[in-house]
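K.L.:
The following block contains the structure, expressed as structure tokens.
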Amino acid sequence: MRRATLAYALALAALAALTALAFAVGRYPVSLGELATLLAAKLGAAHDTLAPNVESVVMQVRGPRVLAALLVGAALAAAGTAYQGMFRNPLVSPDILGVSTGAALGAVGAIFLSLGVFATQLFAFGGGLAAVGLVYWIGSRMRGHEPMLALVLTGVVIGTLLGSAIALLKYLADPYNQLPAITFWLLGSLSTTAPQDLAVAAPFALAGLAPMLLLRWRMNLLALPDDEARALGVDTRRLRSVVVAAATLMTAAAVAVSGIIGWVGLLIPHAARLVVGPDFGRLLPLSMLIGAAFLLAVDTLCRTIAPIEIPPGVLTALIGTPFFLWLFALSRRGW
Amino acid sequence: MKLEVSVGKRLGAFTLEAAFASDGGVTALFGRSGSGKTSVLNAIAGLLRPERGRIALDGEPLFDAAAGVDVAVHRRRIGYVFQEGRLLPHITVRQNLLYGRRFAHGDGAVSLEKVTELLGLASLLERRPHDLSGGEKQRVAIGRALLADPRLLLMDEPLAALDAPRKSEILYYIERLRDEVRVPIVYVSHSLDEVVRIADTIVVMSEGRALDSGPLNETMARMELRPYLGRFEGGAVIEAHVGEQDLEMGLARLDFAGGALYAPDVDALVGERVRVRIRARDVSLATVRPEAISMLNVLPGTLKALGEGAGASIDVQIDVAGTLLLARVTRKSVAALGLAPGRPVYALVKAVAIDRHSVGWA
């Protein structure tokens, strides 16, 4: 228990420090003193004595972007935690049932049809939900198979199908306008996040989070064989469908804001589990804290380490791959 | 408690066709591996949906193909203890036990304290599953199932993964459940030792069919079931009470309707009721009362029935003042002694043949 408390405290401290850092660094540096003054002014405790461009950099440029990184990071990590618990497999990510591929197809389709930014986000969100709905519908009709296995295999197959649809659209897209936009979206980015994007995405993410928090006790029982959990009085089929729906809602909302940013949902829950163990009630908050901090750090690096912005999906993969392999080699115990 | 089961279903190579009823206590589903015992158990639990038939608990249908009733697993309030109880690894025994309570639909008649006392879990409560032996894990799994306040407890070979000392330890606890909590239990086993110790009712299964069912001692003495009740281990089960404990000689006198039986190392007090299995192969027959032999148990009776069969040995049923015993003797002896139904005989049982596996609390 003390270990868990310490982990929460450290994660919170890191998150706070990273948030301050993210507001401070960039093409227009803002000092920590200026940040403190601005915060105090916003809270009504002091008069605003800062140059107006400081306030606009912090509030209009960096604010939405920082919030988006926190939201997307936490949502992807939460969805990954739920999926890893449900599939009893630490190698599972939120994408396993095709939510990202579905969202990607939706977004790519919208870009291909030149429908504009809001439609792209809407199509991404809808595409993610539709893909998982299709996978779940087909997978649950595969009788005579282990239900989780049927679901995963259907997810893989449908994901491949959607992937080739994306490839086709890329092939057909206008190489000067649409293709760069498609590539840009597929690699993910938080640079274009507007405040209203967050206002739309956040409620969906929270709607997905609520059932996970309420069902945390039952989630633990999914570590038992299905028969045993059912005999203990848990309707595992309904529990699974609720978890899939909640995780999908969170992921789709996140992806609609940021595009596809891989690795967060796979890596973060895995790392958090090494610290606090598999108890879902303890794991979920820590996973979200680390996920938010991780993506914020990644996004801050993306916009500062090079003259041009690096897509965060590239950086998460660069960091994620060795880190994941190291974690995997480190962890001997199974579920 | 009244459990009525009548189920039918095609399952791959064989057809499950089982019907029996039980009035509580421990009902054993006995048969070889692959005889369909676990399928019946899963049908009662709701994990396997039969094609036809009816399953009812105290008159309330859990499944009724004709009426279209199929109560969901998690609503049946039936506890299930699996072969190898899986506990949640990251939490303590106490928390694991409380997981049973958390999703209970009943009013929680059994308290954590009671379950802890009953199953001897007090010293384990703060430990984690990976520190427990197989037998301890199984006791926790039983406790967890009990705390869910089940109307019926199903056990699928709960001792299969344990070694002999652990087996007898768990059997002791299951006997306590039977006698103290009075939760009805359906117990699947292919071990006659276990069945004889704890069952009140036995259902004999073979190739997907329930051949017969009834009170343990009546059914065990049935001639026609002999091929299915284990020719080697099988035999009659009698109920007796401890009449005397001769501590110096280490012998107990067990009084039953047909007389007295001496057995060594009976772990029960004078006056306690026990059940004793007397293996058919441990019973010899004589037509005159033998003199000067070491066998302590010489029980006069009447030969009731002769079994059939072309092998070297056959089964003989003997009526000892109303209690039925089974003996397995050679056909050569049957011919030499002129054994036939109605003939007065003496059933001879070596006291040392009645080992501790053959005696349990009644």
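Computed from the coordinates by the stated procedures, all read-outs in this text should not be read as laboratory data. Bear in mind the structure is a predicted one, so any value in this text is a computation, not a measurement. With ideal geometry, Cβ positions are generated from the backbone for all residues, glycine too; neighbour counts draw on all protein chains shown.
K.L.:
Taking 8 Å as the Cα distance limit and 6 or more residues as the minimum spacing, I'd like the relative contact order of chain A as a percentage. Spell out each step's value before the answer.
P.N.:
Values: 488 pairs, mean separation 99.6, N = 335.
Relative contact order, chain A: 30 percent.
K.L.:
Moving on to the next point. Which whole-Hz couplings ³J(HN,Hα) result when phi for each residue of region B:289-305 is put into the Karplus expression 6.51 cos²θ - 1.76 cosθ + 1.60, θ = phi - 60°, listed in order with x for Gly and Pro?
P.N.:
5, x, 10, 6, 10, 7, 5, 7, 9, 10, 10, x, x, 10, 5, 9, 8
K.L.:
Ignoring trypsin sites (Lys or Arg not before Pro) that are buried or in helix or strand per DSSP, and keeping those with at most 16 other beta carbon atoms within 10 Å, what is the longest stretch of chain A between them?
P.N.:
Numbers: sites that count: A:ARG27, A:ARG88, A:ARG141, A:ARG143, A:ARG332, A:ARG333.
Here the longest run is A:144-331.
K.L.:
Test of understanding: in a Gaussian network model of chain A with alpha carbons linked when under 10 Å, which of A:TRP263, A:TRP137, A:TRP185 would top the mean-square fluctuation ranking?
P.N.:
Of A:TRP263, A:TRP137, A:TRP185, the Gaussian network model singles out A:TRP137 as fluctuating most.
K.L.:
Same structure, new question: Can you give me the relative contact order of chain B as a percent, contacts being Cα pairs under 8 Å and 6 or more apart? Could the numbers behind the result be given before it?
P.N.:
Working: 821 pairs, mean separation 57.6, N = 362.
Answer for chain B is 16 percent.
K.L.:
I've got another one for you. Rounding to the nearest 10 and keeping the result within 0 to 90°, find how far the Cα-based axis of helix A:264-276 lies from the longest principal axis of chain A.
P.N.:
Relative to chain A, helix A:264-276 is tipped by roughly 80 degrees.
K.L.:
Skipping prolines and chain starts, which residues have an amide H placed within reach, meaning under 5 Å, of the one on B:TRP361, given they are 5 or more residues away or on another chain?
P.N.:
For B:TRP361, whose amide H was placed from the backbone, the distant partners under 5 Å are B:ARG275.
K.L.:
Related question: Per residue of B:147-156, what is the mean number of Cβ atoms on other protein chains within 10 angstrom of that residue's Cβ? Working shown, then result.
P.N.:
Values: counts 1, 3, 1, 2, 0, 0, 0, 1, 0, 1.
Going residue by residue through B:147-156 and averaging, the value is 1.
K.L.:
Let me ask you something else. Using a Gaussian network model on chain B with a 10 Å cutoff between Cα atoms, which of B:ALA13, B:ALA210, B:ALA21 fluctuates the most?
P.N.:
The residue with the greatest mean-square fluctuation here is B:ALA13.
K.L.:
Calculate the mean, over all residues of peptide B:70-82, of how many other protein chain Cβ atoms lie within 10 angstrom of the residue's Cβ.
P.N.:
Values: counts 0, 0, 4, 11, 11, 2, 3, 1, 2, 3, 5, 2, 5.
Averaged over the peptide's residues, the number is 4.
K.L.:
Calculated from DSSP H runs of 4 or more alone, at -39500 (n - 2.57) each and per residue, what is the 222 nm mean residue ellipticity of the protein assembly as shown, nearest 500? List each step's numbers first, then the result.
P.N.:
Numbers: 23 runs with 321 residues, N = 697.
For the protein assembly as shown, the value works out to -15000 deg cm²/dmol.
K.L.:
Another one. Return one number: the angle in degrees, 0 to 90 and rounded to the nearest 10, between the long axis of the Cα atoms of helix A:147-172 and the longest principal axis of the Cα atoms of chain A.
P.N.:
50
K.L.:
Taking only the alpha-carbon atoms of the protein assembly as shown, what semi-axes of the equivalent ellipsoid follow from 5 times the gyration tensor eigenvalues under a square root, in whole Å, largest first?
P.N.:
Details: eigenvalues 989, 143, 69 Å².
The three semi-axes for the protein assembly as shown are 70, 27, 19 Å.
K.L.:
Using a ≥ b ≥ c from the Cα gyration tensor of chain B (square roots of the eigenvalues), is it rounded, prolate or oblate, where a/c under 1.5 gives rounded and otherwise the larger of a/b and b/c decides, a/b for prolate?
P.N.:
Working: a/c = 2.45, a/b = 1.51, b/c = 1.63.
Since a/c reaches 1.5 but b/c is at least a/b, the shape of chain B is classed as oblate.
K.L.:
Counting DSSP beta bridges in region B:255-328, what percent are antiparallel, to the nearest 5?
P.N.:
Details: 12 of 12 bridges.
About 100 percent, rounded to the nearest 5.
K.L.:
Comparing B:ILE55, B:ILE314, B:ILE238, which has the greatest mean-square fluctuation in the GNM of chain B with Cα pairs linked when under 10 Å apart?
P.N.:
Maximum fluctuation in the GNM of chain B, among the listed residues, is at B:ILE314.
K.L.:
Tell me which lysines have Cα within less than 18 Å of B:LYS167's Cα, excluding those fewer than 8 residues away on the same chain?
P.N.:
Result set, ordered by chain and number: B:LYS137.
K.L.:
Does region A:52-138 come out rounded, prolate or oblate, given a ≥ b ≥ c as the square roots of the eigenvalues of its C-alpha gyration tensor, rounded meaning a/c under 1.5 and, failing that, prolate meaning a/b above b/c? Present the calculation step by step, with values, prior to reporting the outcome.
P.N.:
Details: a/c = 4.12, a/b = 1.39, b/c = 2.96.
Oblate is the answer for region A:52-138, as a/c is 1.5 or above yet b/c matches or exceeds a/b.
K.L.:
Under 5 Å between amide H atoms, partner at least 5 residues away or on a different chain: which partners does B:ALA236 have, H built in plane at 1.01 Å?
P.N.:
The list, which skips near neighbours in sequence, is B:ILE278, B:ALA280, B:LEU326.
K.L.:
Could you tell me how many degrees, from 0 to 90 and to the nearest 10, lie between the Cα long axis of helix A:312-330 and the main elongation axis, the longest principal axis, of the Cα atoms of chain A?
P.N.:
50
K.L.:
Please say if region A:277-333 is rounded, prolate or oblate, where rounded means a/c under 1.5 for a ≥ b ≥ c the square roots of the C-alpha gyration tensor eigenvalues, and otherwise the choice is prolate for a/b larger than b/c and oblate otherwise? Before the final figure, lay out each step's value.
P.N.:
On the way: a/c = 4.25, a/b = 1.65, b/c = 2.57.
Oblate, since a/c reaches 1.5 and b/c is not below a/b.
K.L.:
Which three lengths, in whole Å and largest first, does region A:142-187 cover when its Cα atoms are put on their principal axes?
P.N.:
Rounded to whole Å, the extents work out to 49, 18, 7 Å.
K.L.:
Could you work out the Kirkwood radius for region B:231-362, taking every pair of different alpha carbons, averaging 1/r and inverting it, reported in Å?
P.N.:
The Cα-based Kirkwood calculation yields 15.0 Å.
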